[in-house]
Structures are given as C-alpha cells and as structure tokens.
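Data block below; observations after.
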Amino acid sequence: NAGVMQNPRHLVRRRGQEARLRCSPMKGHSHVYWYRQLPEEGLKFMVYLQKENIIDESGMPKERFSAEFPKEGPSILRIQQVVRGDSAAYFCASSPPGGQGTSKFFGPGTRLTVL
Amino acid sequence: TQLLEQSPQFLSIQEGENLTVYCNSSSVFSSLQWYRQEPGEGPVLLVTVVTGGEVKKLKRLTFQFGDARKDSSLHITAAQPGDTGLYLCAGAPAGGATNKLIFGTGTLLAVQP
C-alpha cells in the first residue's frame, strides 16, 4: 500500500514565478491537509480539503496561495509570484473519513527554494 | 491560540539509556499523535491516542495521554542510535470544527553509540 506521494521533492523557482506542488493521498483516503515547515520553525497547518471542497483554509496566506483537490487527480498547492519568504518544506498529509481521532499520514514533502 | 510545548528541546544520550519527552498544553485535545521526523523527510506517525489516561506501547516506546487530555508523554527504554530524530507531538483541538493538527515545538533526540 503506497503511502502519501508528493512531487516534486525539490523545486527551485525565481522570484515572481509560480510553484505547483502535488500530493496524492494514500489509497482510500479522501481527506488531504497541507502544512508548511519554515526553517527553524515547526509545522504549521495551511489548509484542509476533501474531494472538490475546501473545508478549512484558516492557515493559508490570503494572497498568492491556493489549493484544490479535484474529483480526479492529485491535490495541488499553488503559489503565485513566489517570494524568498516562501522558501520552506511543504508537507501533505492524508487521512480516511472519520472524526478527529483519525490518524494522519504525511508525505515526504516538497522543498521549495526561491532564488 | 493553542500551543503544545515540548520538553526537553534537545536531548543527547548514550545508547541503552532511558528517556522521557513531554508534550504540554493548557488546551484540551480530542486526540494526540506522536511523529518522528528525520532530516529531509516527512513526519512518520508513531501512535495516535484518543482517550484520557490511555497508554500505548510500541516495542520500546510507551505513550501516555493525560487524564485531562491536555498533555502527553513519550518514554523510550534502552534507546538505540536508530531512535535518533526529531520527535513531534500533534493534537487535534477538542471541539474543533475540522481535523487540523496543532504541532508541538519538537524534541531533537541524539542517541550516541
């Protein structure tokens, strides 16, 4: 049973470019979460999605960041007009349907570097 | 703002020693998860605890969820170099409308051979 898949593992962008990060959840998981880990900081929640719905985006910056989880295909975290402060590790997690006690499994992350 | 404070922040011990990592908050959590993260990788789930007072064992690791569901501990017996890594606790806030996790500040463990 494959785990959570993320690609690319490493992404380099110049300031002003767009970054697209992809996440394929574990088989049977319909809930996806995105977290960001800034250098020397802990993991911070960004957004929680179910298929075709954004459930909680309280951790997402208001501008330049968007996320989707379409009916078919992976979840996408999109960062427009990247700035140096966006450099971080972005992790996706997935869980099966259920309450707050359901376990969440993380992918290996995408490390974004903005030059 | 819900915070999870972990202690100690750093821990360097010799192989074979025992250790305990603490995860504390003033907030109540409906569940709590412990992860281990190695450099360049994502957090790997170790355990999920959901009931106040619950104790779970995973080989040499013992996890406890506080009676009031505000704190947790991780005890490692006879630590091995393979236990080296960043240990993170993460809680789902009680009464929260969504499933987001609040992560602790982390404990960086180094086990010397």
In segment A:34-43, anything at the interface with chain B (Cβ under 9 Å from one of its Cβ atoms) and modelled with pLDDT of 95 or more is listed as A:35
Please go through segment A:1-47 and pick out each residue that is in a strand (DSSP E or B) and of a type in the set (A, V, I, L, M).
-> A:5, A:11, A:12, A:19, A:21, A:32, A:43, A:46, A:47
Of the residues that make up segment B:30-53, is at least one more than 20 Å from residue A:106 (Cα to Cα) and of a type in the set (A, V, I, L, M, F, W, C)?
-> no
Extreme residue, surrounded by the fewest Cβ atoms within 10 Å (Cβ to Cβ), among residues of segment B:37-62 that are in contact with a Ser or Thr (Cβ under 7 Å, 6 or more places away or on another chain) and within 19 Å of residue B:101 (Cα to Cα) = B:45
Of everything in segment B:17-36 that's touching a Phe, Trp or Tyr at 6+ places or on another chain (Cβ under 9 Å) and modelled with pLDDT of 95 or more, which residue is farthest from residue A:95 (Cα to Cα)?
-> B:21
So which of B:91, B:96 is at pLDDT below 95 and surrounded by fewer than 19 Cβ atoms within 10 Å (Cβ to Cβ)?
-> B:96
Would you be able to tell me the number of residues in segment A:61-101 that are touching a residue at least 24 places away in the same chain (Cβ under 8 Å) and assigned to a loop (DSSP other than H, G, I, E, B)?
-> 9
Hey, among A:36, A:64, which residue is of a type in the set (Lys, Arg) and under 13 Å from the mean Cα position of the chain (by Cα)?
-> A:36
Failed condition for residue A:33, given (1) among the aromatic types (Phe, Trp, Tyr); (2) in contact with a Lys or Arg (Cβ under 7 Å, 6 or more places away or on another chain); (3) farther than 18 Å from residue B:96 by Cα = (3)
State all residues of segment B:7-31 that are more than 27 Å from residue B:81 (Cβ to Cβ) and surrounded by 12 or more Cβ atoms within 10 Å (Cβ to Cβ); if no residue qualifies, say none.
-> B:24, B:25, B:27, B:28, B:29, B:30, B:31
Checked segment A:53-111 for anything within 11 Å of another protein chain (Cβ to nearest Cβ) and hydrophobic (A, V, I, L, M, F, W, C); matches are A:54, A:55, A:89, A:91, A:92, A:93, A:105, A:106
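The values are calculated or read from the model by the stated rules, or taken from the named source; none is laboratory data. Being a predicted model, the structure only gives us computed values, none of them experimental. In this analysis, Cβ positions are derived from the backbone assuming ideal geometry, glycine residues included, and neighbour counts consider all displayed protein chains.
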